[in-house]
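I have placed the structure first, in the form of structure tokens, so that the comments after it can refer back to it.
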Amino acid sequence: MAIYAVGDIQGCYENFCCLLDEIKFDSSNDTLWVAGDLVNRGPDSLKTVRHIKSLGKSARVVLGNHDLHLLAVARGAQSRKRKDTFGDILDAPDVDELMDWLRHQKLMVRDKTRKIVMTHAGVPHIWKIKQAKRYAKEIETVLKSDDCDAFLKEMYGNTPKMWCESLAGMERLRVITNYFTRMRFIDEGGVLDFDSKLGPLNAPPGYKPWYAFTRNGSSKIIFGHWAALEGRVSNPQMVAVDTGCVWGGKLTAVNLETWERTSCACNFDERASKDNQ
């Protein structure tokens, strides 16, 4: 039995299938950890979500910012954006079933025995892993509740930019969501920067990549979200799995026992070129 983590698929279904073939994934024995952003920007969000859903307990999924955006649009809490490419899901006959499955997924998964944790964007240094798990549960609970639509409507925004335990209501839920799904650069006190999306050498003054801060504990943190890293980070405690498939890179899987990396045989641009011939 093998356990793999895969980065942001973003609707690149053919690349996803190619990668599963490369690692010889067997859903009857293996487990796939999916680091969020299953959908959007790529051409086949519907096929991607249906496939991952069909894996049942063989898949452990955390939600990314694009997945939450899809939920917000599908449930009428937000309007579609010009660059959104998940119309195939919105028009599907099983859209309600798929969205119900999606909103029951996690913000954070943890394997205590193997000492591994996965979220979409990471875990800020200001939180211990136990705290992070508790805060993730707050979002997971509201997504499954009757307050889901109200949360999805208020989830958008860049404030507050810093965590405080005394935060309550939608402000509290929004900042937790932003740490788990949008974080890249952060300062010593935990203030988030939402403007810079470039690589780690482009940190705004006073900020660092979130993973550059020292944290206690021995858990490895698996994360996606940051394609500009190209899957490389300087901190051995962190495992970046977003290698920018939808932007012309490869889709990558990491074996969580051997830490070996495997990429699909071709990139998104090559497949798109073939489809247009």
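The values are calculated or read from the model by the stated rules, or taken from the named source; none is laboratory data. Only a predicted model underlies this, so the values are computations on that prediction, with no experimental measurement involved. Methodologically, a virtual Cβ is constructed for each residue, glycine included, from the backbone with ideal geometry; neighbour enumeration extends over all protein chains shown. SASA here: full protein model, heavy atoms, side chains in, ligands and nucleic acids out. Shrake-Rupley method; radii C 1.70, N 1.55, O 1.52, S 1.80 Å.
Numbers below:
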item	result
Antiparallel DSSP beta bridges within the chain, as percent of all bridges there, nearest 5	50
Förster-model FRET efficiency, 30 Å R0, PHE194 and LYS137, C-beta, rounded to 0.05	0.80
Percent carbon-and-sulfur accessible area, the chain, ignoring ligands, DNA and RNA, probe 1.4 Å	47
Residues listed by number, region 65-104, amide nitrogen under 15 Å from ASP149 label point at 7 Å toward C-beta	71-79, 96, 100
Part-to-part distance (alpha-carbon centres) for region 115-150 and region 160-219, which is given in Å	14
Amide proton proximity set for THR31, modelled H, under 5 Å, gap of 5+	ALA2, ILE3, TYR4
DSSP-assigned coil residues among GluC sites (Glu not before Pro) in region 139-226, each with at most 10 further Cβ atoms within 10 Å	GLU165
Dipole moment magnitude, nearest 20 debye, region 3-275 about Cα centre, only Lys, Arg, Asp, Glu C-beta charged	860
Mean separation of Cα contacts under 8 Å (6+ apart) over length of region 3-275, as relative contact order %	23
Amide N proximity, region 146-170 versus ASP100 label position 7 Å along Cα-to-Cβ, cut-off under 15 Å	146
From phi via Karplus (6.51, -1.76, 1.60), per-residue ³J(HN,Hα) for region 247-252 in Hz, x at Gly/Pro	9, x, x, 9, 8, 10
For region 145-154, 3J(HN,Hα) per residue [Karplus equation, 6.51 cos²θ - 1.76 cosθ + 1.60, θ = phi - 60°, Hz, x = Gly/Pro]	9, 5, 8, 4, 5, 4, 5, 4, 6, 9
Near-label residues of region 182-224 by backbone N, under 18 Å of a point 7 Å along Cα→Cβ of LYS128	214-221
Across LYS81/LYS161; LYS144/LYS220; LYS81/LYS115; LYS81/LYS130, pairs whose alpha-carbon gap is larger than 32 Å	LYS81/LYS115; LYS81/LYS130
For region 99-112, Karplus couplings with θ = phi - 60° (6.51, -1.76, 1.60), whole Hz, Gly/Pro x	5, 5, 5, 5, 6, 9, 7, 8, 9, 8, 10, 9, 10, 5
Nonlocal amide H pairs with ILE222, under 5 Å, H built at 1.01 Å	VAL117, MET118, THR119, VAL239
Alpha-carbon spread of the chain, three principal axes, descending order, Å	53, 41, 36
Extension gain (nm, one decimal) between LYS115 and ASN158, 0.36 nm per residue minus Cα-Cα	12.3 nm
